[in-house]
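Below is one structure; the comments refer to it alone.
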Amino acid sequence: MESVKNAANYVGDKVQEATSGASKEANKNVAKDSDASLGTRASAAKDAASDKLDESKHSVCPLLLSPPCIYV
């Protein structure tokens with residue numbers, strides 16, 4: 001039963017990671033858009049940074065290993 005729970009958590013984290021990554025990229029594009037206002041660009045840059053943190057938070061260890069993961 002524990003492995004089913006771990007698998008569900010893994011899938012949920014991968015979905016959150018992908019969602020945050022897509023949002024981050026969209027915000028980066030807005031931040032780079034010279035046609036957007038300075039306030040909009042600054043807000044998008046802040047949101048992209050926040051999305052990056054969220055993306056990292058949901059990054060999971062490969063093969064359902066228990067944290068902490070060691071990345072080199």
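FYI, it's all coordinate maths here, none of it is from the lab. Not measured: the values here are computed from a predicted model. Ideal geometry is used to build each Cβ from the backbone, glycine not excepted, and the neighbour counts take in all protein chains shown.
Work through the residues other than Gln16 whose Cβ is under 9 Å from its Cβ and net out their charges, Lys, Arg +1 and Asp, Glu -1. Taking every Cβ under 9 Å from that of Gln16, the sum is -2. Between the beta carbons of Ala42 and Gln16, assuming R0 = 30 Å, the FRET efficiency works out to 0.75 to the nearest 0.05.
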